[in-house]
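Participant: What follows is a structure written as C-alpha cells; I'll ask about it next.
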Amino acid sequence: MGVMTRWLDPDEQRTWRAFLAATRGLMENLDRELQRDAGMPHAYYEILVRLSEAPERRLRMSELADVTGSSRSRLSHAVARLEDAGWVRREDCPTDRRGQIAHLTDAGFATLAAAAPGHVEGVRRHLFDALTPAQVTQLRRISETLVDHLTGS
C-alpha cells in the first residue's frame, strides 16, 4: 500500500503559488535589468560578486559552483563565457592537478563595479520598497529557515 499524498489545503496552495510567482517575477525583473544595463544575466553577475568577495578575487571552481548553487558543468560554461568577455581568467590549481581556479580580472571587477549600483537599485525597488521593516525581518527569518532546512544545517 502506498504512502498517502499530503495534498495542499487551499491556503497552502495560495501561499505556494504566491511564493512561486513572487520569486519568479523578482528574478525575471532583475535578470532583464542586468541584461539590459550590463549585458549579463543574473547568474553571471552572482559569479562576479562571489569572486570579488574572495581573497585575491580567486576561488576554486568547485567552491564557486557550491556558493552559487550551480552544477559544475553549468558553472564551467558560464565561466567560459566570462573568460570570452575578459572578465574572468581560469588558472590551474597549484595544489590539485585536476582543480582550476577562477580569477576575477580587473576588467571583470570594473564591469561589476559599473553594474552594481543599478542592480542594487533594482533589488531595492522590486523587493524592499514593497515591504515594511517588519516584513523584511519576517522574510529574512523565513528565508534563513528554508535555507537551513534545504541545506540540512
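The values are calculated or read from the model by the stated rules, or taken from the named source; none is laboratory data. Not measured: the values here are computed from a predicted model. Backbone-built Cβ (ideal geometry, glycine too); neighbour counts: all protein chains shown.
Participant: Return yes when residue 54 is aliphatic (A, V, I, L, M) and either closer than 19 Å to residue 109 by Cβ or modelled with pLDDT under 95 (or both) and no when it is not.
Facilitator: Values: aliphatic (A, V, I, L, M): yes; either closer than 19 Å to residue 109 by Cβ or modelled with pLDDT under 95 (or both): yes.
When the stated conditions are applied, residue 54 passes them.
Participant: Of the residues that make up the stretch 68-90, is at least one under 15 Å from residue 119 (Cα atoms) and surrounded by 15 or more Cβ atoms within 10 Å (Cβ to Cβ)?
Facilitator: Filtering the stretch 68-90 down to residues under 15 Å from residue 119 (Cα atoms) leaves none.
Among the residues of the stretch 68-90, not one is under 15 Å from residue 119 (Cα atoms) and surrounded by 15 or more Cβ atoms within 10 Å (Cβ to Cβ), which makes the answer no.
Participant: Is it the case that the stretch 26-45 has a residue that's surrounded by fewer than 11 Cβ atoms within 10 Å (Cβ to Cβ), closer than 27 Å to residue 131 by Cβ and out of contact with any His (no Cβ under 7 Å at 6 or more places or on another chain)? Working first, answer last.
Facilitator: Of all residues in the stretch 26-45, those surrounded by fewer than 11 Cβ atoms within 10 Å (Cβ to Cβ) come to 36.
Of the ones still in play, those that are also closer than 27 Å to residue 131 by Cβ are 36.
Imposing the further condition that a residue be out of contact with any His (no Cβ under 7 Å at 6 or more places or on another chain) reduces the set to 36.
Yes, that holds for at least one residue.
Participant: Among the candidates 65, 115, 78, 107, single out the residue that is more than 30 Å from residue 15 (Cβ to Cβ), more than 17 Å from the chain's Cα centre (by Cα) and in a helix (DSSP H, G or I). Please lay out each step first, then the result.
Facilitator: Working: 65 fails: more than 17 Å from the chain's Cα centre (by Cα); 115 fails: more than 17 Å from the chain's Cα centre (by Cα); 78 fails: more than 17 Å from the chain's Cα centre (by Cα).
That would be 107, the only listed residue that is more than 30 Å from residue 15 (Cβ to Cβ), more than 17 Å from the chain's Cα centre (by Cα) and in a helix (DSSP H, G or I).
Participant: Considering only residues that are at pLDDT 95 or above, within 17 Å of residue 54 (Cβ to Cβ) and hydrophobic (A, V, I, L, M, F, W, C), which ones fall in the stretch 76-100?
Facilitator: Result: 78, 79, 82, 87, 88.
Participant: May I pose another question? Out of 72, 60, 50, which single residue is within 21 Å of residue 30 (Cα to Cα), free of Cβ contacts under 8 Å to residues at least 60 places away in the same chain and of a type in the set (Lys, Arg)?
Facilitator: Among 72, 60, 50, only 50 is within 21 Å of residue 30 (Cα to Cα), free of Cβ contacts under 8 Å to residues at least 60 places away in the same chain and of a type in the set (Lys, Arg).
Participant: Let me ask something else about it. Step by step: first the residues of the stretch 101-132, then only those that are among the polar types (S, T, N, Q) and surrounded by 17 or more Cβ atoms within 10 Å (Cβ to Cβ), then the one that is farthest from residue 25 (Cα to Cα). Which residue is that? Before the answer, list the steps.
Facilitator: Pass one, the stretch 101-132, residues among the polar types (S, T, N, Q): 105, 111, 132.
Keeping just the survivors that are surrounded by 17 or more Cβ atoms within 10 Å (Cβ to Cβ) gives 105, 111.
Details: 105: 32, 111: 25 Å.
Looking at residues that are among the polar types (S, T, N, Q) and surrounded by 17 or more Cβ atoms within 10 Å (Cβ to Cβ), I get 105.
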